[in-house]
Structure formats: structure tokens, C-alpha cells
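Structure first, commentary second.
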Amino acid sequence: MKKKPIIIVIASVAVVALLVGANLKQDRSKSVEVETEKIKRRNIKAVVTASGTIQPRRRVDVSANRMGTITQIAVQEGDVVEEGDFLLQIDPIQYAQTVEQSLASIASLQAELEQAAINLNLAEQELVRFERLREQDLASPQALLKAETDFKVAQTRRRALVGKRREQEAMLRKGEHDLELSTILAPMSGVVVSLNVEEGETAVIGTMNQPGTVLLSVADLSELEAEVEVDETDVVEIATGNRAVISIDSYPDTTFGGVVTEVGNSAIRVGRQTESVDFKVVIRLDDAIPGARPGLSATADIIIAERENVLSVPIQSLTIRTDKDDRDNGENEDDVRDDDPTIKRRRDDREGVFVLDGKIARFVAVETGIAGDLYFEVISGIAENDEVVSGDFKAIRTLKDEDPVKRAK
């Protein structure tokens, strides 16, 4: 009597197992609709994209070297100037007066020097006369000593006046230099890109703790650079000499060529929390840009690698599978998700694509090279004209090796 319920239970379990197996087989037999693409040869460029601004290669900020009131400004922003052109004037009266005082002092000292030279000559003649008289015993020793003393005093007086004149000449040169610096001339040929002062303002010279007044800036706009900020994860791939394509927001229908001339070694902004660290990269533009201004927004595509006529696979076709995926037909929470960068790859991870073999998709491991905008370079694993699954994302993510598929219409 007790065996009958046990038999019923066993039979029920067997029926359930058969039903589950039939359902799994039916699910396995369903064809997944996928998009496909044939493997072809292409030219691939790996690029790093960064944004920044356009700046002149040469730019000079003209600061005040002497303090004073600005009495005259001869230029405006946008004016073209040549090296040595007059730009502005700082009140020169104080420095002109210093020069006049030095000239007057030198003139006075010159007159004293002429008188001292005459006195020295007379003292020398007296000394010679008393030496001769003393030889003839016609002059006392005291008289000769006095003549010698007078001669030495005249020599000393003249040397002192010569020293004073040199001192005044040095002061004159300084005064003339100060006077010259009160007149601001163009340090280079270019365009006045900024004018920061007005007539009547006071120009202040810089100190160790306080910067001086930047009066204006002159830039050579015939040679331009793009200064861009590159993320720390990309800057290691960039080297001087890399070519780049520059897009400027103000010129939406035109791109400009350039070459990397400088890769920063120090971070220009230290990120906080999730923010990244950036490095400055300088790209010299090949040609001048008519009407360009410093500070224009720009985007640079820096070419870090190029391959010509190589096999390529769509980026979205590439996925990651493990040996476990080949044996497991069901979902498992331990499966690696190739769209989740926080999950570390296991040793049995394989990178590859699904290749169409009739009406089934076979997972094929591939070795890839550089990555372009839309395609990866394929080094090994698949051949030209192989048809791979290229979409959609959900299909690629859930496909298993040898799953039946059909092409999307």
C-alpha cells in the first residue's frame, strides 16, 4: 500500500523533467534574429580625441617696467603692428628730469675737472722747479716738501673728480634707460590681441608678491597652435610627431591639419574623486587661419596609429566568452558581462566574434590590433568574407556557441 504513492511521485518527477527538457530543447531550437556583416579589408586609424583652444605660437604680454600714469595709447585691439612701432606712453616727466639733472651734474664736474687739470699742471711745474733749486741748494727742504704735497693733493683732487663724473655718467645712463622704458614699443610684429588699460590709468611694476600691470598683448597669428587637454589614460599613447586633425567651432565646415609638438609631463588639473587627471598636448597647425583669434574652441583627433588594407571587424561584434559559456546553456550570475568594466576577466576569458556557419552562430576567438572609430583591426582568427554577427547588442550578449540564428530582414 505504501509503494503506490512513491511510484506516483517518481512518475510525476519524470514527467516534469521531460517537460523541462522539451521546453529547453524548444528554446534552443528557436532562431535568434541577428544583423550580420562580412569581414573586409579597410584602412584603420586609432585616434585620441581631446578638446581645447586655439592659441598663437608666439605671444608677448607687455608689462610695465616703470611706474607712472599712462598718458597716450596709440593702438586698439586688432591693430596690426610691426616690431618697434610706438604703442603707448607712460608719463616721462620724472625720468626726463632725472636725465637733465645728470647732464647738468656732468657738465659741472667737467668744468671742475678742467680746473683740476690746470691746478695739477701748475703743481707739477712748481715741484720740478723746487727740485732743481734744491739740487743747487737754493731752496729749503720744507719748501720742496710743500711742493711735493701740493702736487699729490692736485692729483688726488683730479682722481676724485674723475670718479664723480663716472658716477654721474652711470646715473645718466640709468635715467636714459628709464626714460626709454616709459615709451612702450612693439616687441614683435603681429596683432594687438588684448589691450588692458586706458589713458589716465597708473601702470604698476611687478614685485615678488604682486604681478605688474599687463598693458597689452601682441601675438603672431600667422602660426597657430591647438592646446588641448588629454585624459591620463590616453596621453601615454601620444608622442611628438603624431599627426592630428583639428576642428574649430567657428569654422564648422572645415578641418585643419597639424602635428603634435609637445606632450606635457605634468598634470594641468588634479582631479577629485571621480574626476580624471589631464595633461596638456600642443599641436602646431600646418597653415594660417584667416580671421582666427586666440581662445577659439577646438577639438583635435590625434592619430596614434594607422593600418592600411587590413582585415577589420565591427567594434560591436567583439564580445567576451569563457569556457564555461560553451558548456552552460542557461544564464548564470557568474558569467562575465563584456559590457561591465568593473568585472575583472578570468583566465579562461576569450575575446572573439560569432561567425555564421549556415544557420548557426559559432564563437571564434580572435586577436585584435588597433581600434578605429567603427572597426577593430583583426590580426588572426577569421578570414576575409567571413560573415559575423554585428547586432543587435542584446543578441550578441546572449548568444551561445552553435545557437541557431537567422538574418534580420
- Give the long-range amide H neighbours of L215: residues separated by 5 or more places, or on another chain, with amide H under 5 Å away, using H modelled in the peptide plane at 1.01 Å from N. V62, S63, A64
- Working out 0.36 nm times the residue gap between S222 and N43, then minus their Cα-Cα distance, what length gain in nm do you get to one decimal? 61.1 nm
- One finds, for A96 and S297 with R0 = 45 angstrom and r their Cβ-Cβ distance, a FRET efficiency to the nearest 0.05 of 0.45
- Task: Among the listed pairs K40/K394; K280/K394; K359/K394, give every one whose C-alpha distance is greater than 30 Å.
- Result: K280/K394
- Kindly provide the pair-distance distribution of the range 162-242 built from C-alpha pairs, with 5 Å bins from 0 and whole-percent values in order of increasing distance. 3, 9, 11, 13, 12, 11, 12, 10, 7, 5, 3, 2, 2, 0
- Item | For the range 92-181, size of Cβ-based charge dipole, Lys and Arg +1, Asp and Glu -1, in debye | 220
- Note on the structure: The summed charge of the D392 Cβ neighbourhood (under 10 Å; Lys/Arg +1, Asp/Glu -1) stands at 0
- Based solely on C-alpha atoms, express the radius of gyration and the Dmax of the range 65-125 in angstrom. 22.0, 72
- Query: For the residue pair L133 and E402, what label-to-label distance in nm results when each label sits 7 Å from Cα along the Cα-to-beta-carbon direction?
  - Reply: 14.0
- Item | For the range 92-181, the Rg and Dmax computed from alpha carbons only, in angstrom | 19.9, 66
- Note on the structure: Once amide hydrogens are built 1.01 Å from N within the peptide plane, the residues lying 5 or more places from V378 or on another chain with amide H under 5 Å from its amide H are L311, S312, V313, G369
- Message: 7 Å from Cα along Cα→Cβ at both V214 and L374: what's the point-to-point distance in nm?
- Response: 4.4
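Rule-based calculations on the coordinates, nothing more; no lab input. Here the structure is a predicted model, which is why all the values come from computation and not from measurement. Reconstructed Cβ throughout: ideal geometry from the backbone, glycine too, with neighbour counts over all protein chains shown.
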